[in-house]
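Working notes, structure below.
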Amino acid sequence: MYIQPEIYHITPQHLRDDLLFEMMCNDMQNSYYWSDEWSDEFYVELAKKGFISTTYEAKQMLVLLPELEFDYAVLDFENLHISKKVAKLMRKKDYIFELDKRFDEVVESFGRFHKYNWLKGRYIDILKSLHKTSRDDFSVHSIELCSKDGKQIIAAEVGYITNNIYTSLSGFCIKDKNYNNYGKLQMVLLAQYLEQKGIRFWNLGHPHMAYKLSLGAKIYKRKEFLKRWFGDDV
């Protein structure tokens, strides 16, 4: 198991300095950084640079934990794999798939589904603020798969779009045998929606979860990912 030797402090100035940012990109000993800066603008600038931010509780203080990952799982939509079980659920159509209808409910629900929940506190405040803000370069979204009567959220996630790329942050699915594979269904429906909207690709973050690869994602090293992220692949 890799253990990062030290987690360095990161500030908005690091992102404005091209040389410092290039050094971070080339530093393959470090991926995590920390910050006590909780502004919407800093969060957006981190995201636009390819960082995926979570949180960490240190000495009873919640800090922002941006990560420039060593590896990324990337789904190009032509590689989307739809299993037979998910295809069967799609034909049943006993669900409602929608975006941003129940945003606050989604972002406040993660603590009920994850033993270690990093999406909390001031992080939720940032997401709510950005979700309400109209900007051309960045938007936050919730994706909801609900029961046909609309009463229950079966599976959901939250993520953002920047650089015309969608990045997942976190998701959940209820544990009920009646809804087996509905979490995968939500992801397939989202992939199809993103493709229809002309999104370049889906950044799923860490590649170590098997469901991402079974969806059709490929693993990119940081250098190759950032080339695609900044559009050098086109």
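FYI, it's all coordinate maths here, none of it is from the lab. Please read all numbers here as calculations on a predicted model, not as lab measurements. So basically every Cβ, Gly included, is an ideal-geometry build from the backbone, and we count neighbours across all protein chains shown.
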Just give me a number: lysine pairs in the stretch 90-169, eight or more positions apart or cross-chain, with C-alpha atoms less than 16 Å apart. 8
Span from the the stretch 10-66 Cα centroid across to the the stretch 69-132 one, whole angstrom: 23 Å
Which of the lysines could a cross-linker span from K223 if the Cα-Cα distance has to be under 25 Å and same-chain partners fewer than 8 positions apart are dropped? K48, K49, K212
Show me the GluC sites (Glu not before Pro) within the stretch 105-170 that DSSP assigns to loop and that have at most 16 other Cβ atoms within 10 Å of their Cβ. E108
Over the stretch 45-156, consider all pairs of different Cα atoms and compute the Kirkwood hydrodynamic radius from their mean reciprocal separation; express it in Å, one decimal. 16.7 Å
Trypsin sites (Lys or Arg not before Pro) restricted to DSSP loop in the stretch 1-92 with at most 14 other C-beta within 10 Å: K59
